[in-house]
1. Would you mind telling me which numbered condition in (1) touching a residue at least 60 places away in the same chain (Cβ under 8 Å); (2) surrounded by fewer than 23 Cβ atoms within 10 Å (Cβ to Cβ) Ile61 fails?
2. State which residue is farthest from Val113 (Cα to Cα) when the search covers only the stretch 252-274 and only residues that are exposed (fewer than 14 other Cβ atoms within 10 Å of the Cβ) and of a type in the set (D, E, K, R).
3. Could you count how many residues in the stretch 210-241 are within 19 Å of Leu94 (Cβ to Cβ) and either part of a helix (DSSP H, G or I) or out of contact with any Gly (no Cβ under 8 Å at 6 or more places or on another chain) (or both)?
4. Every residue in the stretch 216-247 that is more than 25 Å from Lys102 (Cα to Cα) and touching a residue at least 12 places away in the same chain (Cβ under 8 Å), please.
5. Run down Ala170, Ala132 and say which single residue is under 21 Å from Ala195 (Cα atoms), among the small types (Gly, Ala, Ser) and assigned to a loop (DSSP other than H, G, I, E, B).
6. Which residues, taken from the stretch 183-192, are closer than 21 Å to Arg208 by Cα and loosely packed, with under 15 Cβ neighbours inside 10 Å?
7. Name the one entry in Ala132, Ala187, Ala175 that is small (Gly, Ala, Ser) and either modelled with pLDDT under 95 or closer than 28 Å to Asp10 by Cα (or both).
8. Determine the pairs where a residue that is farther than 19 Å from Gly240 by Cβ, located within the stretch 153-170, has a partner that is assigned to a strand (DSSP E or B) and not hydrophobic (A, V, I, L, M, F, W, C) with Cβ atoms under 6 Å apart, the partner being 6 or more residues away or on another chain.
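The values are calculated or read from the model by the stated rules, or taken from the named source; none is laboratory data. As the structure is a computational prediction, the values presented were derived from the model and not from experiment. All Cβ positions, even for glycine, are placed from backbone atoms using ideal geometry, and neighbour counts span all protein chains on display.
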Amino acid sequence: MNEAPPSAVDAEAAAAMIEPLTALVMAAGEAILAVNRTYMKVHGKSDGSPVTEADLAADRIIAEGLALLAPHIPSLSEERVRQARLPFKDSFFLIDPLDGTKEFVAGRGEFTVNLALVTSGTPLLGIVGAPALGLIWRGIVGRGAERITLRANAPLAEPIRTRPCPPPGAPWTVAVSRSHGDARTEAFIAGRPAAVRSELGSAVKFGRVAEGLVDIYPRLSPTSEWDVGAGHAVVTAAGGRITDSNGAALKFGSGREDFIIPEFIAWGDPNAVG
């Protein structure tokens, strides 16, 4: 594991890393759950988003773990973005140590630890851990996806797959953010008559698409690469597709200003794109 691999990590190499990477996500989740939300300090970042000691503790665990596991692969973390060296031409880890900090601060359980391995601008491996829900969604593109239910005796891993889009006239189930809304996304949802909204926090929305409980997750307003990368890989590995509103693929690590993804739609059924 310490030998220098090819510059771009492939699916086989990613498969060799998925178990230790999952262990890192689990450890980060445990550190988040150990933080007392009643007494913790909440600070505001320059963009107005909150950061807590839980964000920083989870990031520290992941950073230290990746330095041991794969020191040859660079990382881009929300909490260490100023250390990023651009562009990421080959492979890099993309990390949001606590996605859904607003949910966490509010005392809700829909927050996640997101870790992706991106190769040549496209997420190849993704792990989305929801520690308060006892769930992990993970996948490698081309090799399938699974949901892990964390239990006291032993984790239960089950293969997951996205579902076909509803037949004509049937309602779509649409994942929508509890904390972020915008007019373009609302208009997109309104174009699907009788859409059933499923309000969810953080990257849990990607997990629900990947396991076939939700048909589509549109976000037609800006978000960050680390919010999307892990879920992108999981949904794609489960049979879905992530595009912009024109059906074009997303690219990661190119150095776009502030690492912004202008918009995306997570489609459970890739044949529904359009």
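1. It fails just one condition, (1).
2. Ranking the candidates gives Glu257 first.
3. The qualifying residues number 20.
4. Passing the criteria: Thr236, Ala237, Ala238, Gly239, Gly240, Arg241, Thr243, Asp244, Ser245, Gly247.
5. Ala170
6. Once the filter is applied, which keeps residues that are closer than 21 Å to Arg208 by Cα and loosely packed, with under 15 Cβ neighbours inside 10 Å, the stretch 183-192 yields Glu186, Ala190.
7. None of the others qualify; the one that does is Ala187.
8. Listed pairs, sorted by first residue: Leu156/Thr149; Ala157/Glu146.
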